[in-house]
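Written below as structure tokens is the structure these notes are about.
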């Protein structure tokens, strides 16, 4: 278990609440990437945070997590009792345990107050356009997160994404609101349609597997159906309704407000779930956005010639430098790092 002082604990809570500044977020992400023990502690606290729910039958989950944290510290304490290390290191390690206990005490208080806090949070996040209170889960750059909804539906959230769930979820319908990208494995319930809302597109299903990509900075919203059947409504216009069959993909242009339906290769769309970075004839501007979200580094295109290029390729769990190196082997590009960003220049082959 990592050393976790109050400062770091509060930083993590601010991050989980969505209150952390960009500088604080980058600091935490770097610390998680560089220090495995800190990453473990971060995940423990995040697990406590995600366990807070206003459902009476779920209360035991959070307490189980707290018990697990206490057990980990209990496992540390016997080793402290028999240590012959110098006094100063011993005091430092004892202080670590005390601070961990303190963090857990704070977490326990959070669990006790979870119901009241959760009501406050969803009311604060109320979306005036929908008329429903929302509870949100989000991911930072380079992060992915699995979510299990109350109906048993499983969601995998891609990096730099957020999913909001209406508090009325499951009453007569199941509505969620997505920014970014997510894979949905929807639990079948013919009596309660499952609806994914994005900026201009609503995707309605009864039970199916599909992927939605709807990043605010992307020019298109893409719905890709793997199994089942989905109904896609655009701009609240019934005349624009599209019904997708398995293997079909709808691409909606935000600029022209038109949609087209094409076939797709499943691995090209869902590869991100297995840490595969996939470019399927992406334009270089779209590829640059994807690289930035994937690796958490701003990516800039140096010259206009790249705007006309398309990029095709799959990179399996590779670091950014190796991805760019492989692209340069088949494309006339070069890159450099300056001012904490990656600058790519070159032209189409």
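Among 178, 311, the order by Cβ neighbours within 10 angstrom, fewest to most, reads 311, 178. With Rh defined as the Kirkwood radius, the inverse of the mean 1/r over Cα pairs, the Rg/Rh of the range 197-349 is 1.01. Quick check: from the Cα gyration tensor, does the range 275-347 come out rounded (a/c under 1.5), prolate or oblate? Verdict is rounded for the range 275-347. Each of 329, 318, 250 was scored by other Cβ atoms within 10 Å of its Cβ. Arranged with the fewest first, they read 329, 318, 250. For the range 159-253, the share of alpha carbon pairs falling in successive 10 Å distance bins from zero is 17, 53, 29, 1 percent. Residues 263, 175 in ascending order of nearby Cβ atoms (within 10 Å, fewest first): 263, 175.
For the range 207-275, the equivalent ellipsoid derived from the alpha-carbon gyration tensor has semi-axes of 20, 15, 10 Å in decreasing order.
Readers should treat all values here as calculations from the given coordinates under stated rules, not as data from a laboratory. Since this is a predicted model, take the numbers as computed values, not measurements. With ideal geometry, Cβ positions are generated from the backbone for all residues, glycine too; neighbour counts draw on all protein chains shown.
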